[in-house]
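Here the structure is laid out as structure tokens; the discussion comes afterwards.
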Amino acid sequence: MTLRKFAGLGALLSLVMPSLVMAADEVAAPVLNSGDTAWMLTSTALVLFMTIPGLALFYGGMVRSKNILSVMMQCFAITGLISVLWVIYGYSIAFDTTGMEQGVVNFNSFFGGMGKAFLAGVTPSSLTGPAALFPEAVFITFQMTFAIITPALIVGAFAERMKFSAMLIFMGIWFTLVYAPIAHMVWSGNGGLMWDWGVLDFAGGTVVHINAGVAGLICCLVLGKRKGFPTTPMAPHNLGYTLMGAAMLWVGWFGFNAGSAAAANGTAGMAMLVTQIATAAAALGWMFAEWITHGKPSALGIASGVVAGLVAITPAAGTVGPMGALVIGLAAGVVCFFCATTLKRKLGYDDSLDAFGVHGIGGILGAILTGVFAAPALGGFGTVTDIGAQVWIQLKGVGFTVIYTAIVTFIILKVLDAVMGLRITEEEEAVGIDLALHNERGYNL
């Protein structure tokens, strides 16, 4: 009787176990989170919106009317060029983790492998994400938009004087040797150089803004000043465009920062809040600093303050609290104002549209202050327990990025200048790049 009971139980288990195993497999299988996917799709569109049309209008309004199309053309051409290079090898250099090991410094700590070249292995069912999952194709496109805007920001430093052909080649090489490796070192995970150092860069203060700002400074130094600078008036020709562009950057930046949470969660919500707070504070900080210093607040000033605040909060957006964001924003508005005006005048470099004064300085300031205000003791949401130690780590990340970017950018420019020349001729500069290089005018009256 007992044996028959066990036999019956065994038969029952033989029927039930396959179903239990299948159920376990179904539970263990990765499942796409539609809410996170929808947010990441939206964020990706917002970040692309920052470059075209946002940055194109922001920069386009600040140049002289004879060069408006050249700046917009550069933004569009960079968008096309970097999109193609990103899928061929850029994504792989930045995010392939082959050969990486936490605490071990080797070639792959600086430069990703080629396992993802031409997006090998990426299918509609490929999923990624730190917590809930969304399509890898969306992550690839999201990170592509960061890779697009970074070199586009450099355009502001050498506006009105660089050959279009030289610009294209420079951007392709710079993306390959500077942007993608820095992104890899900071964001690729265990084994990445600055990742292992513990550098905090939530959405690109180091990767995007310090990188672009320092490269812009080297560009304007190597190319030299525009003809007539600083004695000839070179006022922005259409500040309406610039204000519209700044507004688009402000809105698009929510995708930039809140999207970097890679999920529709509390971190994304807080990143959105602190982005708004810091940006508003920086706009007011720049406006009042200019008002006190020059006697009148300007539209260009408040637009520049907006961008300075957006830049400075970028590395901190995932770890600082509202009051930390307020301090970072106010500091960015005031510091960037003096660097883009007083400091630039004293040093005499021709950073046409203040790429270094806003993005370089704002990125450095934001990266350092992230180490302060990410601490829970100061209202942050990071894991920082020793503020001094974290600030030192942030300084190391800033210093490495500044030195690496400056040296490699300088070498690229010098080689290109020797091979093909970087600057347009004096005659072309007088006529304007729009007509001289593109055979078009922004305005036909």
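The values are calculated or read from the model by the stated rules, or taken from the named source; none is laboratory data. As the structure is a prediction and not an experimental result, all values here were calculated from the model. In this analysis, Cβ positions are derived from the backbone assuming ideal geometry, glycine residues included, and neighbour counts consider all displayed protein chains. Accessible surface areas use protein heavy atoms only, side chains included; no ligands, DNA or RNA. Shrake-Rupley method; radii C 1.70, N 1.55, O 1.52, S 1.80 Å.
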- Note on the structure: The correct count of residues that are open to solvent by 10 Å² or more (accessible area, probe 1.4 Å), part of a loop (DSSP other than H, G, I, E, B) and touching a residue at least 24 places away in the same chain (Cβ under 8 Å) in the stretch 121-159 is 4
- Item | Hits in the stretch 407-445 (condition: open to solvent by 90 Å² or more (accessible area, probe 1.4 Å), free of Cβ contacts under 8 Å to residues at least 24 places away in the same chain and part of a loop (DSSP other than H, G, I, E, B)) | N439, N444, L445
- Query: Inside the stretch 168-263, counting only helices (runs of 4 or more DSSP H) that do not spill past its ends, which hold 2 or more residues that are touching a Leu at 6+ places or on another chain (Cβ under 6 Å)?
  - Reply: 211-223, 239-258
- Query: Hey, any hits in the stretch 74-97 for a residue that's acidic (D, E), out of contact with any strand residue (DSSP E or B) (no Cβ under 8 Å at 6 or more places or on another chain) and farther than 30 Å from M114 by Cα?
  - Reply: no
- Unique residue being more than 21 Å from the chain's Cα centre (by Cα) and on the phi < 0 side of the Ramachandran plot when the list is I387, I364, I407: I387
- Task: Evaluate the stretch 189-196: report whether one residue or more is of a type outside the set (D, E, K, R), on the phi > 0 side of the Ramachandran plot and at pLDDT 95 or above.
- Result: yes
- Task: Would you check which residues across the stretch 332-379 are surrounded by fewer than 24 Cβ atoms within 10 Å (Cβ to Cβ), in contact (Cβ under 8 Å) with a residue 60 or more places away in the chain and assigned to a loop (DSSP other than H, G, I, E, B) and list them?
- Result: G348, Y349, D350
- How many residues are within 14 Å of I277 (Cβ to Cβ) and surrounded by fewer than 24 Cβ atoms within 10 Å (Cβ to Cβ) when one looks only at the stretch 301-329? 5
- Task: Find the residue count for the stretch 70-120, including only residues that are in contact with an Asp or Glu (Cβ under 6 Å, 6 or more places away or on another chain) and part of a helix (DSSP H, G or I).
- Result: 1
- Message: Looking only at residues that are under 18 Å from V186 (Cβ atoms) and small (G, A, S) in the stretch 385-406, which one is surrounded by the most Cβ atoms within 10 Å (Cβ to Cβ)?
- Response: G397
- Query: Can you find even one residue in the stretch 219-237 that is within 19 Å of A282 (Cβ to Cβ) and open to solvent by less than 10 Å² (accessible area, probe 1.4 Å)?
  - Reply: no
- Query: Would the stretch 207-218 turn up any residue that is at pLDDT 95 or above, over 24 Å from A183 (Cβ atoms) and in contact with a Phe, Trp or Tyr (Cβ under 6 Å, 6 or more places away or on another chain)?
  - Reply: no
- Note on the structure: By residue number, the members of the stretch 183-206 that are closer than 14 Å to F111 by Cα and within 11 Å of the chain's Cα centre (by Cα) are A183
- Query: Going by the structure shown, is G80 surrounded by fewer than 17 Cβ atoms within 10 Å (Cβ to Cβ), within 19 Å of the chain's Cα centre (by Cα) and under 30 Å from E429 (Cα atoms)?
  - Reply: yes
- Query: Are any residues in the stretch 92-101 open to solvent by 10 Å² or more (accessible area, probe 1.4 Å) and at negative phi, and if so, which ones?
  - Reply: F95, D96, T97, T98, M100, E101
